[in-house]
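Written below as structure tokens is the structure these notes are about.
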Amino acid sequence: MRRFYWDWQNGVMYDFMTTHATDLLSFAGSAGLLLLYQQYLRWRTRRDPASSAQDVMLAARAAWVASVMRERRDILAVQTLRNSTMSASFMASTAVLLIIGVLTLSAQGDKLSGTWHALNFLGQSGAEMWLFKLLMMLFDLLFAFFSFSMSVRIFHHVGYLINVPLDKASEAVQIRQVEVQLNRAGIYYRIGMRSYYFTVPLLFWLFGPLWLLGATLAVVFFLFHMDRAPRRDTDLMG
């Protein structure tokens, strides 16, 4: 009986991959494009750190922390961190609402899958693939929620660290510790926003694999321009 059980499972998995090969290949291609862009962005940042908007923000946060702690600008620190915490909290709450929406769609897959696949020219419209697409979207939104929650947590800790009086003997170490924590919160926030951006191709995947690839190319084009730091006055004006 145990041998029959595993053979049955393998048969079902093989049938699923064969029937929905177009959707799975398009999903693999979309993930590959996103990973390729991230590798390109890392290569460009290592070659020229000033070309990356992320590195510019890392340096700006570090300079802001040093200025606030040395000049004792406590009110400015509290207001800025409050705004950052509220923004991350809003994004985390939005992720929860979207997760509830995805779970609602999964419960109505048999009624909506045919309607959503009206523009599907290549992929299959089976209920199994519909649930698989929603599952991928659910994982992406859960990852976004986790990232924004970590960002809120670290912003909360920075609010205490940045108001600690400086010790002349360890001033540089104290400032460096706060810089690292604040930049870590910013990185988690950026990861959460990237997860939101990647939800767009997953949403278009509900209409078919061609829509997934097209939306992925659009997101990569958008990120290419957004991740580029302006370096000249013409870039700033444009």
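The values are calculated or read from the model by the stated rules, or taken from the named source; none is laboratory data. Predicted model, so just to flag it, every value in this text is computed and none were measured. Every residue, glycine among them, receives a Cβ derived from its backbone with ideal geometry; neighbour counts consider all protein chains shown.
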With the structure loaded, tell me whether Ser106 is assigned to a helix (DSSP H, G or I), at pLDDT 90 or above and either closer than 23 Å to Met150 by Cα or under 24 Å from the mean Cα position of the chain (by Cα) (or both) or whether it fails that test. no
Among Arg190, Arg194, Arg153, Arg228, which is farther than 23 Å from Leu98 by Cα and of a type in the set (Lys, Arg)? Arg228
Of all residues in segment 28-61, how many are assigned to a helix (DSSP H, G or I) and over 23 Å from the mean Cα position of the chain (by Cα)? 1
May I ask you to list the residues in segment 10-42 that are over 16 Å from Phe132 (Cβ atoms), surrounded by fewer than 11 Cβ atoms within 10 Å (Cβ to Cβ) and modelled with pLDDT under 90? Asn10, Gly11
Among the residues of segment 199-221, which ones are touching a Phe, Trp or Tyr at 6+ places or on another chain (Cβ under 9 Å) and of a type outside the set (A, V, I, L, M)? Pro201, Phe204, Trp205, Phe207, Gly208, Pro209, Trp211, Gly214, Thr216
Regarding segment 156-167, can at least one residue be identified that is at pLDDT 90 or above, buried (at least 18 other Cβ atoms within 10 Å of the Cβ) and of a type outside the set (Asp, Glu)? yes
Set Phe207, Phe224, Phe146: member being in contact with a helix residue (DSSP H, G or I) (Cβ under 9 Å, 6 or more places away or on another chain), in a helix (DSSP H, G or I) and either among the small types (Gly, Ala, Ser) or surrounded by 14 or more Cβ atoms within 10 Å (Cβ to Cβ) (or both): Phe146
I'd like the full set of residues that are at pLDDT below 90 and touching a Gly at 6+ places or on another chain (Cβ under 8 Å), limited to segment 56-101. Met57, Leu58, Ala77, Val78
I'd like to verify a number: residues in segment 189-207 that are over 8 Å from the mean Cα position of the chain (by Cα), touching a residue at least 60 places away in the same chain (Cβ under 8 Å) and closer than 14 Å to Asp140 by Cα, how many? 5
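For segment 43-59, what are the residues that are of a type in the set (Gly, Ala, Ser), more than 21 Å from Leu217 (Cα to Cα) and either exposed (fewer than 12 other Cβ atoms within 10 Å of the Cβ) or touching a residue at least 60 places away in the same chain (Cβ under 8 Å) (or both)?
Within segment 43-59, Ala50, Ser51 meet the criteria.
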So which pairs qualify, if the first residue must be in segment 167-182 and without any contact (Cβ under 8 Å) to a residue 24 or more places away in the chain, the second must be surrounded by 14 or more Cβ atoms within 10 Å (Cβ to Cβ), the Cβ gap must be under 7 Å, and the two must be at least 6 apart or on different chains? Asp167/Gln174; Gln177/Leu161
